[in-house]
Amino acid sequence: MTVSKTNLIKMFVTASFMFGGLIAVGQTQTFAKSNKITSNVSMAKVNSDDRNVTLTGKHQIYTKAQSLKGAKPVTTKRQLQKLAKSVRSKDTFYAYRMATTNNQRVYYKIVSFEGKYRGWIYGGKIKNYFNGGIRHTDTTTDVSLSEDVKNTTYHLKSTGTSGDVNTWKAIPWTQYKAGLKTKDSTPYANDKLKVTAAKQMTRQYFQTYYYVEDADHPEFNGWINKNAVEGPEKVITNTVNVPGPKETVTQTVTVPGPTKTVTVPAENKLTINYLTYRFDPSGKYTKATTGNDADWTEETSTFFLWDPKRLSTTIC
């Protein structure tokens, strides 16, 4: 049988691929057989905050260490990339076990805060140092407290069984399995609360939480959304100079919470109702001789406030 030069080349290439594939399979099997776990320990002694991680998208999550025989991916490539780019707090991961192999590879067992994904991922060659498929992340950042917040006594806006009006052991979705401190805030409706710390979430809604302390019921001490509490109402009296028989007008404003500065814009119309004296031909405003209320007249004046600085009002 005569074989053409072209067919000989095709047969050679095919044989090369088959032979190479057999070598690759053999090497993989040998590699898997030669790799063994030399240690598998809990990371319980490592600070919880230091075990929060996010995916880099460079390595898959597997049912066991990738280099071990029988390891299967937990996520698809598409899911892996989606998780790596996610800003959802629930897609943050928590590392809780660490394993090393005889070829000095380090793997971490991780679980998403939501609990949806769990498995082993390559983490580099240095113990307790996240590399490769994961990197450390801070789930919160400290917020400095103003003197107003420190000195204000707060209370709950509303009460009930919702997580929004109860305190937490850790800010929700900033730790794996963050739990509630209380489940019904009704007994603490009238308690006085002091804010001693504040943190902001670094992902998703970037919400701010206060750590509140309750002197009457210490069991309520914990983290709560800043929007769940409010300060007492304060009544502030402001004096504004206006033209006319009455030299001043008193404006009363009731506001809750810490100090705020409000500036009234220029050319804002202001209508003031006031009682005025009758006009005396002598050029002076004098009280009517009868002393009767009927001798007083009610008038309305409308004018513009040209200088907004005169009405810069500090509201506590």
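The values are calculated or read from the model by the stated rules, or taken from the named source; none is laboratory data. Small disclaimer: the values here were computed from a predicted structure and weren't measured. Cβ sites come from the backbone with ideal geometry, for glycine too, and all protein chains shown count toward neighbours. Remember, those area values only see protein heavy atoms, side chains included, never the ligands or the DNA or RNA. Shrake-Rupley method; radii C 1.70, N 1.55, O 1.52, S 1.80 Å.
Things worth noting here:
- Selected residue (only one of Lys150, Lys125 is touching a strand residue (DSSP E or B) at 6+ places or on another chain (Cβ under 8 Å) and either under 20 Å from Gln204 (Cβ atoms) or not in a helix (DSSP H, G or I) (or both)): Lys125
- Residues within the range 152-162 that are open to solvent by less than 50 Å² (accessible area, probe 1.4 Å) and either over 22 Å from Asp216 (Cβ atoms) or not small (Gly, Ala, Ser) (or both), tallied: 3
- For the range 163-198, the tally of residues that are of a type in the set (Asp, Glu), farther than 13 Å from Trp223 by Cα and either in contact (Cβ under 8 Å) with a residue 40 or more places away in the chain or open to solvent by less than 50 Å² (accessible area, probe 1.4 Å) (or both) stands at 1.
One line per residue, one yes/no per condition, for (1) acidic (Asp, Glu); (2) touching a residue at least 60 places away in the same chain (Cβ under 8 Å); (3) outside any loop (DSSP other than H, G, I, E, B):
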position: Ile121; (1), (2), (3): no, yes, yes
position: Phe130; (1), (2), (3): no, yes, no
position: Asp138; (1), (2), (3): yes, yes, no
position: His155; (1), (2), (3): no, yes, yes
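- Every residue from the range 85-103 that is surrounded by fewer than 17 Cβ atoms within 10 Å (Cβ to Cβ) and among the small types (Gly, Ala, Ser): Ser86
- Candidate set: the range 72-93, residues that are among the β-branched types (Val, Ile, Thr) and under 23 Å from Gln207 (Cβ atoms); chosen: the one modelled with the lowest pLDDT: Val87
- Unmet requirement for Tyr205, which otherwise passes all of (1) open to solvent by 30 Å² or more (accessible area, probe 1.4 Å); (2) of a type in the set (Phe, Trp, Tyr); (3) modelled with pLDDT of 95 or more: (3)
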